1. Which numbered condition trips up Phe55, out of (1) farther than 21 Å from Val133 by Cβ; (2) surrounded by 12 or more Cβ atoms within 10 Å (Cβ to Cβ); (3) more than 15 Å from the chain's Cα centre (by Cα)?
2. Taking the stated definitions as given, is Leu23 touching a residue at least 24 places away in the same chain (Cβ under 8 Å) and closer than 21 Å to Ile134 by Cβ?
3. Filter segment 100-123 down to the residues that are crowded, with 20+ Cβ neighbours inside 10 Å and of a type outside the set (A, V, I, L, M, F, W, C), then identify the one that is nearest to the chain's Cα centre (by Cα).
4. Which of (1) buried (at least 17 other Cβ atoms within 10 Å of the Cβ); (2) assigned to a helix (DSSP H, G or I); (3) touching a helix residue (DSSP H, G or I) at 6+ places or on another chain (Cβ under 6 Å) is the odd one out, the single condition Ser79 does not satisfy?
5. What are the pairs with Cβ atoms under 7 angstrom where one residue, in segment 100-112, is touching a residue at least 12 places away in the same chain (Cβ under 8 Å) and the other, located anywhere, is assigned to a helix (DSSP H, G or I) and surrounded by fewer than 19 Cβ atoms within 10 Å (Cβ to Cβ)? Sequence gap at least six, or different chains.
6. Could you tell me whether Ile91 is assigned to a helix (DSSP H, G or I), farther than 30 Å from His24 by Cβ and at pLDDT 95 or above?
Amino acid sequence: MALLAVKLGLTLGIAYGLAYPWLHPGSGAGVFRELEMVGVAGAIAIVVVFLSLVFLYCRDLQRCLTLVKPEHRVAQPASVWWMFLLPYNFIEDFFIMSNIARSLQREAKANQNIQPLKGFGLFSGIGWCSAQVISLIPHNIGTYASVAALILWAIHWRFVRKVNLLLQRF
């Protein structure tokens with residue numbers, strides 16, 4: 001119960017960060033500034049492509065946890081879909097990444113074939129989560145963090161796909 005209270009408290013901070021551009025319209029801050037530059041049609045296209053990629057990523061994460069033996073999982077495979085619940089996902093993503101890494105660590109103890117993948121993706125997973133939160137900071141800091149989040153997300157996704165291939169074989 002205490003963990004849920006912490007998650008919800010942190011989510012309130014994230015909600016403020018997401019609402020900041022609306023609360024302070026003259027600040028020129030946030031992702032809305034970038035979306036405004038591409039117009040309505042461009043913004044809709046970017047959002048659709050982004051959400052489609054998040055869907056595919058979540059599908060791969062779910063597959064990863066499904067391939068881990070049930071006794072080694074620290075979370076249910078369907079738990080990855082919390083990534084779609086804004087603004088809660090900004091906080092829950094850290095737990096999703098940690099749960100996947102811990103599940104893979106437990107699986108690796110029993111399955112020597114996945115041990116070559118050091119770190120179990122924790123650095124890139126927690127990295128993109130952290131950069132995603134930092135991206136809410138207005139102006140260039142947020143913009144650079146957004147780029148870093150996308151790069152680390154791609155690195156983590158590639159890692160997950162490699163793990164899935166290994167786990168499918170064994």
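The values are calculated or read from the model by the stated rules, or taken from the named source; none is laboratory data. It should be emphasised that the depicted structure is a prediction, and the values quoted were computed from it without experimental measurement. Here the Cβ is made from the backbone with ideal geometry for all residues, glycine too, and neighbour counts use every protein chain on show.
1. Condition not satisfied by Phe55: (3).
2. In short, no.
3. Gly121
4. It fails just one condition, (3).
5. As it stands, the answer is Ala101/Leu122; Ser103/His72; Arg106/His72; Glu107/His72; Ala110/His72, since those pairs meet every condition given.
6. So Ile91 does not fit the description; no.
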